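Here's the structure we're looking at; comments come further down.
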Amino acid sequence: MRLENMKEEFPKMPDDIREMIENEVARQIKIERPDFTSKRLNDSIASDNSTTANSRTTTDCPTNADHRRSINRHRSARRLSARKITAAAIASVMVLGSTVFAGTELYRIYKEKVGNYGVETSFGTDSTSGSAYGKAPDELPVVKITNNYLPEGMVFADNEKPGTMFYESNPYKGGISMAYVTMDDTTTQNSLKLLDTNVTYSEELTIAGHDAVYLKREAAFDKVFYVVYPEVWCVLQVYAGQDTTKEEAVRVIENTELVPTGEVYKLADAYTWSDFAASKGEGESIPLQLTASKDDMQNTHRIGESFHINTVADTAEKELVETKDITATVTNVQVADDLSLLGDSEYIDTLLTDAAGADGRLLPNTIQYIKSGNGIDTLDEIIQTEEVAQKLVDVTVEYTNTGNTELRNVLFMGFFTGIEENGDTFSIYDRASHDGTKEWDCVSCTSAGGFGEMQFYDTHAGERKNNYISVIKPGETITVHMAQIINEDELKYMYLDLSPSSADSQFTEQALAQGYVDIRQ
C-alpha cells in the first residue's frame, strides 16, 4: 500500500495526540522534514488553513491542546511543535499493523494513580508470574475503523473514512476521534506504562467484551478511552470532546469494528503501544526565534508596495514547480466591528459567525490568564480573566504573474503575526508574557480573536478547494481578500506574513527574507 493511501485510511487525531507520536515516528523511519515545496505538504497545510481556521503554531498549554478548529487558543511562548511535518502521515502507516489471533490468553488493562492527577495505563495477562502473553507473528494485516453508530446530530468528518465525527451544530470543535496502535510482541503488566496527566477521574471498565480504561482529563478533549483488542492485536484510542457525553462515547465504541483491509504490514515496522508510551510527552523542543534586529527587518513592506513571493504552482508541462514569478501587493486594509466586509461569501464559516451576536456585531473575547500545572501534582489555574473587544481585519492582496508561463494551482497563504518594536529590536508579541508577569504562562480565548493563519479567503481552488489560485496567465493580476478576527488591543502589533512557511509564534528565515507587511493599526 502506498504511503499516501495509508495516510488517507488513517483517522484524524486531536493535535495533542498527534504531536506525541510525530517525533518518535520520524526518528524510527529516518524521514527528513520537508520544506514548503512538497506538494502533499502544501495540500495538507492549505487544507488545514482552509478548514481549521484557528490552528496555531504556538505550543498549547499542557492541559488544553486544541482539536482542529477548537477556538480555545493557549500559548506557552518557549517552544514550537512540529505540526507541519509529514511525520503524521507516516505515523498513520506505523499504527495500522494488527491481526486476528485464535486462542489468545485473557488480557487485562490496568491503571495506576501517580500523584494527584497522573494515571499510568498498562496491559497484560492475569498471570501471577508476570510472564509475557505471547508473541505476535512478524507479518500483520492492516485494519481500518468502521463505525456502525452515530449519536444524533453527529456526522462523519469524512463519510468514506469513519473514525472522526462531530456535531453538525458544533463542527470541528469537539466530537469523537479514534486511532489505534499495535500491541507489542511481548508485554507484561509491569512494563509499557503510559502516563497521562491532568486526570481528574479514572476507572477500569468493559466495553463490548473488551477491557478498557477511561480517563477524565482537564483538556479540550476531556474523555479518553484505551480499549484492548487482543483478537486484532491492537489498542484502540478514543478521544471525546466536551460536547460529547461519556455514555454516547461508550455507545460509539460498542458499535465500532476493526476490519482487515487485505493489506499487510510487518510488526517490526509498526508503531506500537510501547513506542507511544515512550514518546508521549517527549516531543522535540525546537528553539524559537523570538527577536529580530533592525537589519533582520529591513525587508519590511508598506501597504501599496509590490514584492516577489516564493511559492509553488503547476505548469502545463509539470506539476509542482517553485516559482518567484508571483508578486504580491497589499492594496487595502479595512477594520470592522462586524462581518459585513466579507459580504455573502460561501466561505464564511462557523468560527467567524460564532464570534458575532444576533445583531451581527462581534462579541467580546473572554481571555483567561493561566498558570500551568505539572499535570501530576497540580492542574492549570486561572489567575485572571478579562474581556477584550474584537475587530475583523480584511486585507486585499493583488497577486500578479510577472513571468512568461501560465501558472496553475498557485499556493498562497496569509498570517497575522504580532510584532513589538522596541528601538532597534523587534520581538514576537505574546499576550501571556507581554507585561512581564510571572503569575501566568499562557492564555485561553473563548472566541476567535488572535494572531495566526487567516480565517477567511474568498479565493479557493486546487484539489481540496482551498487557498490556491486556479490560473494566473502571464501579466495577469488576481485579487484575493483574506480576513481574520483580531483582539482590538492587539491591532497595534499586527504585521502580515505572505510566505508559505508562515508562523505567528516566531520569526522565520523565509518571512524575514521576503519581508513582512506592516499593517499596524
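The share of accessible area on region 216-278 that comes from carbon and sulfur is 46 percent, using a 1.4 angstrom probe. For region 183-338, the Cβ-based charge dipole about the Cα centre amounts to some 340 debye (Lys, Arg positive; Asp, Glu negative; other atoms uncharged). Note on residue 341/residue 168: beta-carbon distance plugged into 1/(1 + (r/R0)^6) with R0 of 41 Å gives a FRET efficiency of 0.95. A 1.4 Å probe over all protein chains sorts 325, 394 by accessible area into 325, 394, starting with the largest. With a sphere of radius 12 Å drawn around the Cβ of residue 150, what net charge do the other residues whose Cβ falls strictly inside it have (Lys, Arg +1; Asp, Glu -1)? Summing Lys/Arg as +1 and Asp/Glu as -1 gives -2. Assuming charge only on the beta carbon of Lys and Arg (+1) and of Asp and Glu (-1), the dipole of region 309-455 about its Cα centre is about 140 debye to the nearest 20. Return the subset of 216/465; 223/280; 173/391; 223/266 for which the Cα-Cα distance in this structure is over 29 Å, preserving the input order. From 216/465; 223/280; 173/391; 223/266, over 29 Å: 216/465; 223/266.
The values are calculated or read from the model by the stated rules, or taken from the named source; none is laboratory data. What you are looking at is a predicted structure, and each value in this text was computed from that prediction instead of being measured. Note that each Cβ is placed from the backbone with ideal geometry, even for glycine, and that neighbours are counted across all protein chains shown. Side chains are part of the model used for accessible areas, which takes the heavy atoms of the whole protein and leaves out ligands, DNA and RNA. Shrake-Rupley method; radii C 1.70, N 1.55, O 1.52, S 1.80 Å.
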